[in-house]
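The values are calculated or read from the model by the stated rules, or taken from the named source; none is laboratory data. A quick note: this is a predicted structure, and the numbers were derived from the prediction, not measured. Glycine also receives a Cβ, built like all others from the backbone with ideal geometry; neighbour counts cover every protein chain displayed. Protein only, heavy atoms only, side chains kept; ligands, DNA and RNA dropped before computing areas. Shrake-Rupley method; radii C 1.70, N 1.55, O 1.52, S 1.80 Å.
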Amino acid sequence: MAQGGGPPILFFFFFFFMFLFMLSSLCDCHPHSAGFMRSMSAARAVPSHTARKVSDIATEVAGYADVAKQIIDLAVFGAAQNRSHRRLADFTDTIGNRVSGSHNLEMAIKYMYNAMTKDGLDVHLEPVKIPHWVRGKESAEMIAPRAKSLALLGLGSSVGTPPEGIEAEVLVVRSFEELKRRASEAIGKIVVFNQPFVSYGETVAYRAYGASEAAKEGALATLIRSITPFSINSPHTGWQDYQAGVKRIPSACITVEDAELMWRMAQRGQKIVVRLTMGAKTLPDADSFNTVVEITGWQHPEQVVLLSGHLDSWDVGQGAMDDGGGAMISWEALSLIRDLGLRPRRTLRTVLWTAEEQGGVGAQQYYNLHKVNMSNFDLVMESDLGTFTPVALQFTGSDAARKVMAEVVKLLAPINTTNLEPHGEGTDISPWMQAGVPGASLHVADNRYFWFHHSEGDTMTVQDPQAMNLCSALWAVVAYVVADLQDMLPR
């Protein structure tokens, strides 16, 4: 028996150890990954020399149903319930609004750095230079045909008036076309734009370019009807752009109510006179930071799924909706993943941008610094239209990437947000998307967003804790699953 059984036993052990070696090389797994067993089966099922089929990807993504449910349960029903809302309230109540270049923004960055470090996450700051516009004291009063105080907010980058202010007759128009037709009447006047609200994307052109268009016709200043579909006598601020080679004149937003009042007076043929005083000025660019927090990937740490919101706000209200909520759910997503002991293949990176309101200044400098690693950015995500009840994920990418993302959002069935919509664009992620990196944005029930946008009304009162729980769950599930899939999203 000994002589006859020796060689077969040796062959048995040889092939057994070869099988174990081959299996381990195929697996390439990590015990912290929720995709451990999925990776083993997928590696056996999909030959490395052929492109993966949609059905194979669907099977892989479906395997994340359990971990997605764990994330959702923790965020919506478990120990993390209402945590993002509490964090936002603590932050905004402590710091308040945070305009670019201000001391409040500096305090906000320090607050978030300390809070996220205390949360056990890996945090660092990346320096940037940002605009520093200061509002100063401002007021407006209608002198004729009757005395009335006008609520207003100067627009970002506006120049100020002379110290004594500007007192002049008003020309009220409803469009750029009407201004052109009545150009001779604009000379030496304050032009009031009473444009109707169509959509934010279309109507915001009056805020952005109204001053330069009026200055071309000889106007002394502009007052812009606030860009909002609903008003309770509250003006809305925002950034405005001076055109090169055009005289810079003061520009501010007034309320919908006052713009319509002056329009009615003008229609009656009444002479309207307004006194405007603005102490606005632009100081040298200020030092600031983008705030970056990470969970490092276990297999491909150089590859990144990026989540984001912006930390700055305008200098009114609390900046709770725009964009404190987006910043908080981008932090909360990493907290949820950490709390569950999960670690994806790729790095999850949350960036809290600075100076978004001035045109994505901090994000552009981040892009300039990191674009050398463009091929390693898997997906860029941005939340900047409020954290009301989520209704869908918006996505921009190749057809092949869209098929993957369509499977990923199916995991959100427990919170009824399985829709994948086009147009994942956002101000801060746009440089990456223009370079071909897939991008995603959060679509929420935002019908009230522009009621409060850039106004004193943007406070914690408009935030709902349950809605923020759902936003956090969606954000975390999408980010984690994409970061843990075997392959990056196809370009």
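If you go through the range 481-491 and keep only what is of a type outside the set (Val, Ile, Thr), part of a helix (DSSP H, G or I) and either at pLDDT below 95 or under 17 Å from residue 382 (Cβ atoms) (or both), you end up with just 483.
Identify all residues within the range 177-190 that are open to solvent by 40 Å² or more (accessible area, probe 1.4 Å) and either in contact with a helix residue (DSSP H, G or I) (Cβ under 8 Å, 6 or more places away or on another chain) or among the β-branched types (Val, Ile, Thr) (or both); write none if there are none.
187
Selection over the range 308-345 of residues that are in a helix (DSSP H, G or I), more than 15 Å from residue 390 (Cβ to Cβ) and within 18 Å of the chain's Cα centre (by Cα) gives a count of 7. Cβ-Cβ distances below 6 Å connect the following pairs, each with a first residue in the range 182-206 that is under 13 Å from residue 171 (Cα atoms), a second residue that is open to solvent by 50 Å² or more (accessible area, probe 1.4 Å) and acidic (Asp, Glu), and a separation of six or more residues or different chains: 189/169.
Here residue 317 fulfils each of the conditions (1) open to solvent by less than 10 Å² (accessible area, probe 1.4 Å); (2) touching a Gly at 6+ places or on another chain (Cβ under 8 Å); (3) closer than 29 Å to residue 105 by Cα apart from (1). When the test is whether a residue is in contact (Cβ under 8 Å) with a residue 60 or more places away in the chain, in contact with a strand residue (DSSP E or B) (Cβ under 7 Å, 6 or more places away or on another chain) and among the acidic types (Asp, Glu), residue 382 passes it.
The residues of the range 455-491 that are open to solvent by less than 10 Å² (accessible area, probe 1.4 Å) and either among the hydroxyl-bearing types (Ser, Thr, Tyr) or under 29 Å from residue 202 (Cα atoms) (or both), listed by number, are 455, 458, 467, 468, 471, 472, 475, 480.
For the range 191-208, does any single residue satisfy the condition of being touching a helix residue (DSSP H, G or I) at 6+ places or on another chain (Cβ under 6 Å), within 19 Å of residue 356 (Cβ to Cβ) and among the hydroxyl-bearing types (Ser, Thr, Tyr)? Within the range 191-208, one or more residues are touching a helix residue (DSSP H, G or I) at 6+ places or on another chain (Cβ under 6 Å), within 19 Å of residue 356 (Cβ to Cβ) and among the hydroxyl-bearing types (Ser, Thr, Tyr).
Filter the range 83-133 for residues that are in a loop (DSSP other than H, G, I, E, B) and polar (S, T, N, Q); which is least open to solvent (accessible area, probe 1.4 Å)? Can you show your working first?
Filtering the range 83-133 for residues in a loop (DSSP other than H, G, I, E, B) gives 96-102, 119-121.
Filter again for polar (S, T, N, Q), leaving 97, 100, 102.
Numbers: 97: 36, 100: 2, 102: 24 Å².
Here the residue is 100.
Would you confirm whether or not the range 215-222 contains a residue that is open to solvent by 30 Å² or more (accessible area, probe 1.4 Å), acidic (Asp, Glu) and in a loop (DSSP other than H, G, I, E, B)? Yes, there is a match, as at least one residue in the range 215-222 is open to solvent by 30 Å² or more (accessible area, probe 1.4 Å), acidic (Asp, Glu) and in a loop (DSSP other than H, G, I, E, B).
Taking the range 229-249 only, how many residues are open to solvent by less than 10 Å² (accessible area, probe 1.4 Å) and either farther than 20 Å from residue 317 by Cβ or touching a His at 6+ places or on another chain (Cβ under 9 Å) (or both)?
So the first thing to find is which residues in the range 229-249 are open to solvent by less than 10 Å² (accessible area, probe 1.4 Å), and the list is 236-238, 240, 249.
Right, trim to either farther than 20 Å from residue 317 by Cβ or touching a His at 6+ places or on another chain (Cβ under 9 Å) (or both) and you get 236-238, 249.
Going through the range 229-249 one residue at a time, the tally reaches 4.
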